[in-house]
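The values are calculated or read from the model by the stated rules, or taken from the named source; none is laboratory data. The structure displayed is predicted, hence computed values, not measured ones. All Cβ positions, even for glycine, are placed from backbone atoms using ideal geometry, and neighbour counts span all protein chains on display.
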Amino acid sequence: MLNEKKTQAKKYRFFTKQIIEMITQEIEYYKANRADFIEKYNGKHLVIKGCGIIGVYETNTAAYDETIKLHQVGTFIIERPVDLKKRK
């Protein structure tokens with residue numbers, strides 16, 4: 001029983017670390033391409049997985065609801081590129 005709990009804890013730490021690394025990669029991808037995303041998708045909600053856009057939606061809710069049909073929660077991020085300078 002104790003060995004089983006240790007194995008589960010190690011597995012959980014591995015998956016947590018893996019998910020954090022994936023999300024970090026997605027955030028870096030977004031930051032690196034934010035200017036292009038603003039130009040192409042200003043105000044839209046982008047679903048990013050890995051180093052690519054897998055969906056573009058009008059609302060955050062639509063982005064989330066449609067994406068979870070095909071992708072596990074926690075394996076993608078949703079960002080909304082907006083030019084804050086133009087909003088003022």
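Quick notes on this one:
- Pick from region 64-85, criterion touching a residue at least 24 places away in the same chain (Cβ under 8 Å) and not in a loop (DSSP other than H, G, I, E, B), ranking: nearest to the chain's Cα centre (by Cα): 77
- Flag if residue 38 is at pLDDT 95 or above, at negative phi, part of a helix (DSSP H, G or I) and surrounded by 15 or more Cβ atoms within 10 Å (Cβ to Cβ): yes
- Residue check, residue 21 at negative phi, loosely packed, with under 14 Cβ neighbours inside 10 Å and modelled with pLDDT of 95 or more: no
- Of the residues making up region 41-63, those that are buried (at least 16 other Cβ atoms within 10 Å of the Cβ) and either among the polar types (S, T, N, Q) or more than 10 Å from the chain's Cα centre (by Cα) (or both) are 41, 44, 45, 55, 57, 63.
- Here region 44-63 is the region considered, the condition is being of a type in the set (A, V, I, L, M, F, W, C) and part of a strand (DSSP E or B), and the residue that is farthest from residue 18 (Cα to Cα) is 56.
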